[in-house]
1. Could you list, in sequence order, all residues of region 150-190 that are more than 16 Å from Tyr133 (Cα to Cα), free of Cβ contacts under 8 Å to residues at least 60 places away in the same chain and not hydrophobic (A, V, I, L, M, F, W, C)?
2. Taking the options Glu75, Glu9, name whichever one is surrounded by fewer than 18 Cβ atoms within 10 Å (Cβ to Cβ) and over 30 Å from Pro196 (Cβ atoms).
3. Scan region 150-202 residue by residue and report those that are part of a loop (DSSP other than H, G, I, E, B) and of a type in the set (Gly, Ala, Ser).
4. Could you please let me know if Ile137 is out of contact with any Pro (no Cβ under 8 Å at 6 or more places or on another chain), of a type outside the set (Lys, Arg) and surrounded by 13 or more Cβ atoms within 10 Å (Cβ to Cβ)?
5. Does Ile47 satisfy being surrounded by 17 or more Cβ atoms within 10 Å (Cβ to Cβ) and part of a helix (DSSP H, G or I)?
6. Given the conditions (1) touching a Ser or Thr at 6+ places or on another chain (Cβ under 9 Å); (2) surrounded by fewer than 17 Cβ atoms within 10 Å (Cβ to Cβ); (3) aliphatic (A, V, I, L, M), and given that Met37 satisfies all but one, which numbered condition is not satisfied?
7. Can you find, within region 164-195, the residue that is surrounded by the fewest Cβ atoms within 10 Å (Cβ to Cβ) among those that are of a type in the set (S, T, N, Q) and farther than 11 Å from Leu207 by Cβ?
8. Would you call Leu157 out of contact with any Phe, Trp or Tyr (no Cβ under 8 Å at 6 or more places or on another chain) and surrounded by 15 or more Cβ atoms within 10 Å (Cβ to Cβ)?
Amino acid sequence: MVRVVKKAEERREEIIEAASELFLVKGYDRTTMKDVMGQLQIAKGTIYHYFKSKEELLDAVLDSLVASLVRQMQEILDRSQGNALERLRYLILNSAAADSHDQEMLDNLHRPGNAGMHIRLLAKLISLQAPLYGKLIRQGCDEGIFSTRYPLESAELILAAIQFLTDMGIYPWTEEQLTRRIMALPTLVETQLNAPDGSFRFLLEVLK
């Protein structure tokens, strides 16, 4: 039988994909490096050549997922038209419909066994999504729709509030508590950006 020798990048991506599927099915905490090796039928030396630990492999899986989501967001943003507020609305409403596999991964992160993955993913998402939103906020300031000296930082704060405070995997709110926080978010964003009253009410369409 002829031994197939794969290019380094191809092998690395194969390991990331296999780990991603195992994390999805078994959960991060219950998946071992041995499981990934068995899935791909590769030697211990091979997997540890690319990833020194399961934690390092987790980072690669999350980086891959976040890169895919941000790439989709950039494609949506490239299609958007109008002023900054119109483009923000278009981006947010359309980004809610993520790629089905990516969405399955995101939903899976709410499982108790994936708490470590969950927090790290949210941090990575905020870090990479904020520049996209920051540019739109800066555009809005130039157009006189928003007013803030800190476009990027405002984006980070708003994303953190939305990602963390409405996440039942982090905060075990009652239904009433969650509803109150969701209802408060449009006002929070409008206040942060000095935006017109009611201009971010569309967020309720995404968060409810």
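The values are calculated or read from the model by the stated rules, or taken from the named source; none is laboratory data. Since we're looking at a predicted model, the values are computed, not measured. For neighbour counting, all protein chains shown are included, and Cβ atoms are generated from backbone atoms with ideal geometry for every residue, glycine included.
1. Selection gives Thr166, Asp167, Tyr171, Pro172, Thr174, Glu175, Glu176, Gln177, Thr179, Arg180, Arg181, Thr187.
2. Of Glu75, Glu9, the one residue that is surrounded by fewer than 18 Cβ atoms within 10 Å (Cβ to Cβ) and over 30 Å from Pro196 (Cβ atoms) is Glu9.
3. Passing the criteria: Gly169, Ala195, Gly198, Ser199.
4. So Ile137 fails the test.
5. yes
6. (2)
7. Thr174
8. Judged against the criteria, Leu157 is a match.
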